[in-house]
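K.L.:
Here you go, one structure.
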Amino acid sequence: MSYPLTEDALAELGQRLVADSAGALTGFSVAHGELNFTAKTTRIVEALTHLRDHAESRCEQLIDLCGVDYPDRAERFEVVYHLLSLSKNHRLRVKAPVGEGAAAPTITNVYPCADWFEREAFDMYGIGFSGHPDLRRLLTDYGFQGHPLRKDFPMTGYVEVRYDDEQKRVVYEPVKITEFRAFDFLSPWEGAQGTYVLPGDEKAGKPA
């Protein structure tokens, strides 16, 4: 069993991995006991293949792939790849910037499990993945408009769904919420501090 590396050892490992990547990895940092790399989006397949096959990293497994939205950046999104080495007992993270309307190369040839992860990032953020074998929405409903995890997407969404008794089917309508409600979420056993009265509360405090 190998034990987690110290931050100094991680920094040395990061330097070697960046130096050996022929420019596919552009930098690294150490945070919370883990190595974080930045990579050129156009060379992300090379970068991840390098981390998978390099004798000092051996990241055999892709744990997760997700998107992050930075609306104020020129390249609005980041695709973040979370890697695990079972043989070396460490985790690595790779971040690659992607502009709005641009696409990152698919990594399904490096890690086949990236198939659904990339579909999720496409569905939630609208990040494209060129070369993906089946890039369709994964989590939202048929005909859904927009991308729910973008920071400019409204919390209420644009469409609400309900069952119509007259039409005997599910209908989609524009959101009708006109105000925000404040929910206290108190247990009814604790009482609602005067917000409303539950049946029987009027008897509280009266002499037996």
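K.L.:
So Ser57 ticks every box in (1) open to solvent by less than 10 Å² (accessible area, probe 1.4 Å); (2) assigned to a helix (DSSP H, G or I); (3) over 27 Å from Gly128 (Cα atoms); (4) not acidic (Asp, Glu) but one. Which box is left unticked?
P.N.:
Tallying (1) open to solvent by less than 10 Å² (accessible area, probe 1.4 Å); (2) assigned to a helix (DSSP H, G or I); (3) over 27 Å from Gly128 (Cα atoms); (4) not acidic (Asp, Glu), Ser57 fails exactly one: (2).
K.L.:
May I pose another question? Is there a residue in region 103-123 that is among the basic types (Lys, Arg) and either open to solvent by 60 Å² or more (accessible area, probe 1.4 Å) or in contact (Cβ under 8 Å) with a residue 24 or more places away in the chain (or both)?
P.N.:
No, every residue in region 103-123 fails to be among the basic types (Lys, Arg) and either open to solvent by 60 Å² or more (accessible area, probe 1.4 Å) or in contact (Cβ under 8 Å) with a residue 24 or more places away in the chain (or both).
K.L.:
List every residue pair whose Cβ atoms lie under 7 Å apart, where the two residues are 6 or more positions apart in sequence or sit on different chains, the first residue falls within region 4-15 and is under 15 Å from Arg93 (Cα atoms) and of a type in the set (Lys, Arg), and the second residue, located anywhere, is in a helix (DSSP H, G or I) and at pLDDT 90 or above.
P.N.:
Sorted first by the residue in region 4-15, then by its partner, the list stays empty.
K.L.:
Same structure, new question: May I ask you to say which residue of Pro97, Pro4 is of a type outside the set (Val, Ile, Thr) and in a loop (DSSP other than H, G, I, E, B)?
P.N.:
Values: Pro97 fails: in a loop (DSSP other than H, G, I, E, B).
Within the list Pro97, Pro4, the selection yields Pro4.
K.L.:
Looking at region 71-82, can you tell me whether even one residue there is buried (at least 16 other Cβ atoms within 10 Å of the Cβ), on the phi < 0 side of the Ramachandran plot and among the aliphatic types (A, V, I, L, M)? Don't jump to the end; show me each part of the working.
P.N.:
Step one: filter region 71-82 for residues buried (at least 16 other Cβ atoms within 10 Å of the Cβ), giving 76-82.
Next, from what is left, pick out any that are on the phi < 0 side of the Ramachandran plot: 76-82.
Now restrict to residues that are among the aliphatic types (A, V, I, L, M): 79-80.
There is at least one residue in region 71-82 that is buried (at least 16 other Cβ atoms within 10 Å of the Cβ), on the phi < 0 side of the Ramachandran plot and among the aliphatic types (A, V, I, L, M).
K.L.:
Could you pull out the residue among Glu78, Glu118 that is closer than 28 Å to Ala9 by Cα, modelled with pLDDT of 95 or more and acidic (Asp, Glu)? Can you show your working first?
P.N.:
Details: Glu118 fails: closer than 28 Å to Ala9 by Cα.
Answer to the selection: Glu78.
K.L.:
Considering only region 89-102, how many residues are more than 18 Å from Arg43 (Cα to Cα) and surrounded by 19 or more Cβ atoms within 10 Å (Cβ to Cβ)?
P.N.:
1
Let's see how each residue does on (1) over 20 Å from Pro112 (Cβ atoms); (2) in a helix (DSSP H, G or I):
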position	(1), (2)
Leu13	yes, yes
Ser21	yes, no
Ser29	yes, no
Asn36	yes, no
Thr42	yes, yes
Thr49	no, yes
Ile63	no, no
Cys66	no, no
Asp72	yes, no
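K.L.:
Taking only region 37-67 into account, find how many residues are in contact with a strand residue (DSSP E or B) (Cβ under 9 Å, 6 or more places away or on another chain) and free of Cβ contacts under 8 Å to residues at least 24 places away in the same chain.
P.N.:
If we filter region 37-67 for residues that are in contact with a strand residue (DSSP E or B) (Cβ under 9 Å, 6 or more places away or on another chain), which is where we start, we get 37-48, 50-52, 57-67.
Keeping just the survivors that are free of Cβ contacts under 8 Å to residues at least 24 places away in the same chain gives 43.
Counting residues in region 37-67 that are in contact with a strand residue (DSSP E or B) (Cβ under 9 Å, 6 or more places away or on another chain) and free of Cβ contacts under 8 Å to residues at least 24 places away in the same chain gives 1.
K.L.:
Further, regarding this structure: Does Asp134 satisfy being farther than 22 Å from Ile63 by Cβ and either aliphatic (A, V, I, L, M) or surrounded by fewer than 18 Cβ atoms within 10 Å (Cβ to Cβ) (or both)?
P.N.:
Values: farther than 22 Å from Ile63 by Cβ: no; either aliphatic (A, V, I, L, M) or surrounded by fewer than 18 Cβ atoms within 10 Å (Cβ to Cβ) (or both): yes.
Answer is no for this residue.
The values are calculated or read from the model by the stated rules, or taken from the named source; none is laboratory data. Bear in mind that the values here come from a model prediction, so they are computed numbers and not experimental data. Please note: Cβ atoms are built from the backbone with ideal geometry, for glycine as well, and neighbour counts cover all protein chains shown. Keep in mind that these areas ignore ligands, DNA and RNA; they rest on the heavy atoms of the full protein, side chains included. Shrake-Rupley method; radii C 1.70, N 1.55, O 1.52, S 1.80 Å.
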